[in-house]
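One structure is given here, and the rest of the page talks about it.
What follows draws every value from the coordinates through simple rules; no lab data is involved. Owing to the predicted nature of the structure, the values given are computational and were not obtained by experimental measurement. We place every Cβ from the backbone using ideal geometry, glycine too, and count neighbours over all the protein chains shown.
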Amino acid sequence: MEPIYTAENTYAAYQLNWSLALFGKSELPDPALWLDSLRGATEKDRVRVLSYHRRSTNVLQFLISTLPHTSPAEIVRVVKGRLQYLVRDCLPHAFRRNYHVQSTGAATSKVLDRYVAGQTAKHPMADASVQTCLEAIQFEDVTIDVSRPVVGTYGQYLNALQIVVENAGAWHEIRETQLRRVRDMIVRTAGKKKWRLSRIGLLSNHVHVLLSASVTESPQSIALSLMNNIAFVYGMKPVLKYSYYAGTFGSYNRGAMGLHER
């Protein structure tokens, strides 16, 4: 079955920021020698270095901005590979294999969780029975901490995302059976993909999803998977707008991590 929503026909609004730490085998060269060149090189891969902080003589931390098609694993590959090339003459094998890449954003996971949990109160329905139905079918898994980094083969990562999709044509779904089917489809999709799903804020005309995924998955691939699986509930009809929002978050916001854009 062909997907309805694809990278080619879907528009994304997004704010995708990441903290990346790389670890040198020894003291690394002065950033004045390579930082501007690194920024220019990674821009070619649509990975933007917003700021840099030297944690120690051999630990570098970056604030990164990306487009929706870029996964955390791709961020590591691009920045580490480009920087290794720039310092190759003085350090042919500059970096250890391990890394730490973590999603971050303007709001912490706790703030965002409260925001999504309050969606039914923020957008009340005129019909009390529909409002009661929506309040009853919200999803939360209190055992899932989406802000906790995962230890992978060579490093730690956190790929925590808020995905928001909206119904097409200002349409409101108020049938309890269909609303439950949409919620259950999102839960099943998360289980199949091995996403850590913490909350679904399901409303009559849009849905918020908070989850974390593997280091190799991009925000784009996750959003499109959710959209096509929701469409499947409706017989693969384009019930959603050809657009979505994707935002990163973590246990700390950008300011608390000491990573300010500059």
note = Inter-part gap, Cα centre of region 35-72 to Cα centre of region 98-153, in whole angstrom, is 28 Å
Calculated Rg and Dmax of region 14-104 using C-alpha coordinates, Å = 12.1, 38
query = According to the Kirkwood expression over distinct Cα-Cα pairs, how big is the hydrodynamic radius of region 63-103, in Å?
reply = 11.3 Å
Convex hull volume of region 106-248 per residue (C-alpha atoms, cubic angstrom) = 111 Å³
query = Per the Debye formula with a single identical scatterer at each Cα and no solvent contribution, what log10 I(q)/I(0) holds for the chain at q = 0.10, 0.14, 0.17, 0.18 Å⁻¹?
reply = -0.54, -0.93, -1.24, -1.35
ask   = So, in nm, how far is label Arg54 from label Gln84 when the simple model puts each one 7 Å beyond its Cα toward the Cβ?
value = 2.2 nm
key: Charge-dipole axis of the chain as Lys and Arg at +1 and Asp and Glu at -1 on Cβ define it, positive-most pick from Leu67, Ile174, Val49   = Val49
Candidate aspartates and glutamates - alpha carbon under 18 Å from Lys241, same-chain residues fewer than 8 apart omitted = Glu2, Glu8, Glu166, Glu173
query = Under a point-charge model restricted to the Cβ atoms of Lys and Arg (+1) and Asp and Glu (-1), what is the dipole moment magnitude of region 50-170 relative to its Cα centre, in debye to the nearest 20?
reply = 960 debye
task = Under a cut-off of 19 Å between alpha-carbon atoms, report the lysines in cross-link reach of Lys25, not counting same-chain residues fewer than 8 places apart.
result = Lys80
ask   = How far apart, in nm, are two points set 7 Å out from the Cα along the Cα-to-Cβ line at Arg180 and at Val151?
value = 4.2 nm
task = Using Cα pairs closer than 8 Å and at least 6 residues apart in sequence, work out the relative contact order for region 46-164, in percent.
result = 22 percent
task = Mind putting together the pair-distance distribution for region 69-134? All Cα pairs, 10 Å bins, whole percent per bin, short to long.
result = 15, 25, 19, 16, 13, 9, 4
task = Multiply the residue gap between Lys192 and Lys122 by 0.36 nm, knock off their C-alpha separation, and tell me the result in nm, one decimal place.
result = 22.1 nm
request  = Report the charge-dipole magnitude of the chain in Debye, nearest 20, computed about the Cα centre from +1 at each Lys and Arg Cβ and -1 at each Asp and Glu Cβ.
outcome  = 560 debye
